[in-house]
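The values are calculated or read from the model by the stated rules, or taken from the named source; none is laboratory data. Here the structure is a predicted model, which means the values were calculated and not measured. Note that each Cβ is placed from the backbone with ideal geometry, even for glycine, and that neighbours are counted across all protein chains shown. The protein model used for the area step is the full one, side chains on, heavy atoms only, and it has no ligands, DNA or RNA in it. Shrake-Rupley method; radii C 1.70, N 1.55, O 1.52, S 1.80 Å.
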Amino acid sequence: MYYDNNTVTYYDGEWQFAKDCKAGLYQQSFHYGNGVFEGIRAYATDHGTKILRAKEHYQRLLYSAKTMHLDVDYSVDELIELTYQLLKKNNLQDAYIRPLIFTHEKLGLQAENKTHLFLCAWDWSQYFDEGQLSMKVSPYCRPDPKSCHVDAKVSGHYVNSILAMKDAHADGFDDALLVDQKGYIAEASGANFFMQKDGKLYTPPKGNILPGITRSIVMELAKANDIEVIEQHFKPEEIFGAEGAFLTGTAVEIKAIGDVDKHPFSLSWEDTFGAMLQQQFHKIVREQKVNHKKTKAA
Ligand code: PMP
């Protein structure tokens, strides 16, 4: 799925076939999760393929690297340029891009700052899936912000997501909704959470979440539509009885949630802000004109 014999990647300053890339088994990243990465999307538009919020994604990658004391010899602009070349070399238009920064060989726990850069991409032209997610409030909570930099996209943080996802799947749910140390909703295994209640959107504030780039696009879009977005802590019980809810993330884009812990929402998805923002989001990523709706009475 990710590559075939012709897939080209950028690895340690060279264009190399994915099938020929080799990485050692003695790296700190492999043993202890000390690596950082991004998930980025490119979309076909009338003006050619465009990477969505490329600058923000690469700024976050460099920020994540800094939190882990990883040295990166590339600027945001260089990384963006390389990514456009990567897409071109692989003849990709709608694509998912995965930059990864990982360490050199070292099995001690002293921070290793010398790094490798790997850039790869694959076709992601699947059509929008209209299904709705069934979410389980997870028994796992997000990592404590005092134990790591939760706002950085660090490889090792994702063992938490994998455990939560596994637990949700075992109980027949699609995904997990994780709480913070105080029991407030934080985010899903790999996406941010919004709920609609009393005609407003609520989303957990920064602090215990990865502040998503899609989350910020949705907040901008909501503003343009006169929808109030409140960044506030709330408990799982406060979701039950809400009007609707959705996830946001590079991979899921804006994704409807059908129920949380089997509690459905009072509005059908089509009548929620989420559905309207979802339609507008699909236009924005393809750089098409969006007609914002003024949701409040004049
Ligand atoms: N939270 C987590 C834990 C994630 O892995 C992601 C995906 N990167 C998000 C939120 C959403 O972030 P973004 O919109 O930048 O993809």
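Points worth noting:
- Most mobile of Leu178, Leu25, Leu117 in a GNM of the chain (Cα contacts under 10 Å): Leu25
- Summarising the strand pairing of region 134-285, around 65 percent of its internal DSSP beta bridges are antiparallel.
- Anchor Lys114: aspartates and glutamates whose Cα lies under 20 Å away (excluding residues fewer than 8 positions away in-chain): Asp12, Glu14, Glu38, Asp71, Asp73, Glu78, Glu105
- With 24 Å as the limit, the listed pairs Lys136/Lys283; Lys206/Lys283; Lys136/Lys235 have Lys136/Lys283; Lys206/Lys283 beyond it between alpha carbons.
- Burial order of peptide ranges 282-291, 251-260, 26-35 (average beta-carbon count within 10 Å, highest first): 251-260, 26-35, 282-291
- Cross-link partners of Lys89 among lysines (Cα-Cα below 19 Å; sequence separation of 8 or more within a chain): Lys19, Lys50
- Sequence-distant residues sharing a close amide H with Val260 (under 5 Å, placed H): Met135
- Extension gain, Asp271-Glu228: 0.36 nm per intervening residue step, less the Cα-Cα distance, totals 13.8 nm.
- Our coupling estimate for region 256-270, obtained by passing each phi through the Karplus curve with A = 6.51, B = -1.76, C = 1.60 and θ = phi - 60°, is 5, 10, x, 7, 10, 6, 6, 8, x, 9, 6, 9, 7, 3, 4 Hz, Gly and Pro reported as x.
- Our note on the geometry: Cα centres of region 194-257 and region 27-106, 26 Å apart.
- Region 134-285: C-alpha gyration tensor shape, a/c 1.5 cut-off, then a/b vs b/c: prolate
- The H on the amide N of Val179, modeled in the peptide plane, is under 5 Å from the matching H of Ser138, Arg142, Ala186, each at least 5 residues off or on a different chain.
- Computed 3J(HN,Hα) for region 226-237, one whole-Hz value per residue from the Karplus formula 6.51 cos²θ - 1.76 cosθ + 1.60 where θ = phi - 60°, is 6, 9, 6, 10, 10, 8, 8, 6, 8, 8, x, 4, glycine and proline marked x.
- Using every pair of separate Cα atoms, the Kirkwood estimate puts the hydrodynamic radius of region 1-110 at 15.1 angstrom.
- Rounded accessible area per residue of region 134-285, 1.4 Å, Å²: 40
- Rounded to whole Hz, the Karplus (6.51, -1.76, 1.60) HN-Hα couplings of region 20-37, x for glycine and proline: 9, 5, 10, 9, x, 9, 10, 7, 4, 4, 5, 7, 10, x, 7, x, 10, 8
- Surface share of carbon and sulfur [accessible, 1.4 angstrom probe, percent] for region 71-127: 47
- Computed from the C-alpha gyration tensor, the three semi-axes of the ellipsoid equivalent to the chain are 33, 24, 17 Å, from longest to shortest.
- With contacts taken as Cα pairs under 8 Å at a separation of at least 6 residues, region 8-122 carries a relative contact order of 38 percent.
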